[in-house]
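The values are calculated or read from the model by the stated rules, or taken from the named source; none is laboratory data. Quick caveat, the model's predicted, so the values are computed rather than measured. As a convention, Cβ positions derive from the backbone with ideal geometry for all residues, glycine included, and neighbour counts pool all protein chains shown. For the accessible areas, the whole protein counts, side chains as well, though only heavy atoms, and no ligand, DNA or RNA atoms are used. Shrake-Rupley method; radii C 1.70, N 1.55, O 1.52, S 1.80 Å.
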Amino acid sequence: MREFIVEADGGSRGNPGPAGYGAVVSDAATGETLRETAEYIGVATNNVAEYRGLLAGLLAARELDPDATVHVRMDSKLVIEQMSGRWKIKHPDMKPLATQASRVFPPGQVTYEWMPRAQNKHADRLANEAMDAGARGERWSEAASTAELDAAAGGAGGTWGAGRAEAAASHGPPGDAVAGAARVRGALAAGRAAAAPTGPGADAAPPHAPGAAGPSGGGDAARTAASQAETDAETGRPGAAVRPAEAAADARAAQAVAQGGIARAQADVRAAKAGSAAGGHAVTADAPAAGAVAGGGAAKADADARAVKAEGSADGGAVQAEGPADARAVKAEGPADGPAVTADSSAAEAASDARVAKAGAPAENADADSRAAQAVATPGWAPADMGAPATFVLLRHGETPLTPQKRFSGSGGTDPSLSGTGREQAERAAAMLARRGTIQAVVSSPLARTRETAGIVAARLGLDVGIDDGLRETDFGAWEGLTFAEVRERHPDDLNAWLASPDAEPTGGGESFAATATRLAATRDRLVAAHAGRTVLLVTHVTPIKTLVRLALGAPPESLFRMELSAASLSVVAYYADGNASVRLLNDTSHLR
């Protein structure tokens, strides 16, 4: 039986902020790197990014050999202890990810071990490469990655250290694209080594070393402190997030960013390198390019470009300014027929200026940041490509015995199962989705009718079903099981108030539409962070689907009464990394005809 080592990491530039993960699968017997994977996942926390890295590493290992034993090594104490079963998982963002990770291999086939951050450099480099690619509006490319050699040059990064670079460089027949890329990486590493400073203190803070300025524009020390604070909050340790020693470490890390003056021109190097990778030839120009990288210059904090940007939706809809603390806190969603803009450009400029001063950026960068902030208040379409969106395919459950009778059926009633017609509808939806072949995950409301619908579809697609309580239907209180006419007869005043205001609750303490919208917005943000760039089937109910569409359009609450949503119908909403959304489909029932 084969044995794999999976090393994974994740990071967030803001916590929450633009985030990415990296994972490496290596052969436990030889130390050879078998698979690298990394991805920019949009706005997320450190811990969510770490869990995404774990999941990606396990999936990559399963693709190589589903019968192998796997030993996972990560520098996240939280993830290791929770996946080992010693710590309880309390955070709602991490529960579904942990559940997915635990199901990749059968129980007992995976073991977990914590390791110091200094030994996890390979996966850390991959995560940073993914975040850099996301900042440029690109996808991470394994062929262009230098993470393995970066880690080897910085010291033994992981279990096998530099041996992995040697294995990668010698692998593959002449002319093989993968081998060519490996040789290019070797040339680049040789160039970096030749250009690196020598003498006392030369190795004190190499690029990407803990506490030094890496491609993220910040040191590992700051990310470690942020991750630790998040871990403390999850495990319930009071007051642990504010520690003098860690505050001092953060200050030293920030100072290193300002004093380092190291700018990595990886985009140009990778462009030249990728062209030669296909032919399997070494790039001789990499050495001087790497020398120019090591030569320095003022470092520009790429967080500025992401924190102060204007993004236009594909249909000329909302334009928003993203702040470093919460990209969704300062946005204005406009009507479908015209753009809307936020007016908070002065705050964005102030934040940008503060970051520029802190990072020691030159005056021309400050001017550029000012122009970027000013663009936020200018209507128009932004040119940046935000990459693949998180696409939610919204499937309403099939019919239940209550559906044809048009009775209120929420989360507080009898929780009916599908009828025979409902099961047939679910089968037809499953067949159509299988033909399209784009669904990568299935998440369902916890109610019986949605779980049954999701199970039928997931079985056809060969996927597991995740459960998210946030997707449940509204609780209709005392109206559960009644028709609209019966509610009108028994509770006329309550019904009139409910129709007039989204804050009104159904009789008997049900859930208002305003409360449902708050719950769905939080669920949406959590699922978008967990599935950035993926197409996910959400099996849910009438009100949640209408609410997600309403929020995506920026429509008023009364629009809920102006949408038709049939049983087993499909709707689609795409969510981009800048917070904008696009409604692509509503109430499609063509598969049922």
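Miscellaneous remarks
- The residues neighbouring THR474, those whose beta-carbon lies less than 12 Å from its own, together hold a net charge of -2 under the Lys/Arg +1, Asp/Glu -1 convention.
- Projecting label points 7 angstrom from Cα along Cα→Cβ for ALA514 and LEU499 puts them 2.0 nm apart.
- Coil-residue trypsin sites (Lys or Arg not before Pro) of the range 29-82, DSSP, other Cβ within 10 Å capped at 10: none
- Across the range 1-63, the volume of the C-alpha convex hull divided among the residues equals 62 Å³ per residue.
- Protection proxy ranking of 548-554, 435-441 - average other beta-carbon atoms within 10 Å, highest first: 548-554, 435-441
- Solvent-accessible area of the range 384-534 (1.4 angstrom probe, protein heavy atoms only): carbon and sulfur portion equals 49 percent.
- Simple spin-label estimate for THR438 and LEU551 in nanometres, 7 Å along Cα-Cβ: 2.2
- Centre-to-centre separation between the Cα atoms of the range 104-120 and those of the range 397-454: 37 Å.
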